[in-house]
């Protein structure tokens, strides 16, 4: 076992539904080897587009061969997963299989897909009055102290790089509290996975 795996207590299995919402199942790391080899079944009927109620068993199989430690969560590692109707039979309610299918169709006619992404999000404060307000007064590419999200963006970029998501740049956007992280271009599948991981990092670190 690797040093990281010894340090981690939980293993998060991350996947995405057709609605774009990331979902996860956490297990203890003592099951890592069996998960990597056999996967784990879950109720696919509870995820839009995955499976009917009368045939809901859906197999979750890791995409990565080695768990990656979550930089912002103590004792937690993660495996990105794809869903299958049964071993070797993809569930086409799983967006990863749809991306793979379309990429192959384009490849068959001699086309290669390269994608880039400018990931934008807002940082806000919840006031005691219940009002939601921007977390800073910054504008386009303004610096600190107007850009109160600068240090958080740096932390997010470092975390993404540790998860092997390459980042080109980050900056404050036009509106107050609006921020942008620019992901390096890549093929469609890698970019789709990078967006899932970036959204996870932003939502859990903010």
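Roughly how tilted is helix 95-108, in degrees to the nearest 10 and between 0 and 90, from the longest Cα axis of the chain? Taking the Cα atoms of the chain, the angle to 95-108 is about 80 degrees. Set against the 2.2 N^0.38 Å expectation for a compact globular protein, the chain has a Cα radius of gyration ratio of 1.14. Judged by the mean number of other Cβ atoms found within 10 Å, the most tightly packed of the peptides 138-145, 123-130 leads the ranking 138-145, 123-130. Note on the chain: helix-only mean residue ellipticity at 222 nm, from DSSP H runs of 4+ residues weighted -39500 (n - 2.57) and normalised by residue number, equals -8500 deg cm²/dmol. Taking the range 135-175 and a reference point 7 angstrom along Cα→Cβ of residue 129, the backbone N atoms nearer than 20 Å belong to 135-138. Every pair of different Cα atoms in the range 3-107 enters the Kirkwood calculation, which places the hydrodynamic radius at 14.3 Å. Across the range 159-187, the residues whose backbone nitrogen lies under 13 Å from the label position 7 Å along the beta-carbon direction of residue 146 are 172-178. The relative contact order of the chain, computed from alpha carbon pairs under 8 Å that lie at least 6 residues apart in sequence, is 17 percent. Remark: relative contact order (the range 3-107) = 28 percent; criterion is Cα-Cα distance under 8 angstrom and separation of 6 or more residues. Projection of the Cα convex hull of the range 113-205, averaged over all directions and equal to a quarter of that hull's surface, yields 6.1 nm². The C-alpha atoms of the range 13-67 occupy a region whose extents along the principal axes are 30, 23, 17 Å, arranged from largest to smallest. With everything on Cα atoms, drop me the angle between helix 150-162 and the longest principal axis of the chain, reported from 0 to 90° to the nearest 10. With both axes taken from Cα atoms, the answer is about 20 degrees.
Only the coordinates and a few stated rules stand behind these numbers; no lab work does. No experiment lies behind these values; they were computed from the predicted model shown. Here Cβ is always computed from backbone atoms with ideal geometry, including for glycine, and neighbour counts include all displayed protein chains.
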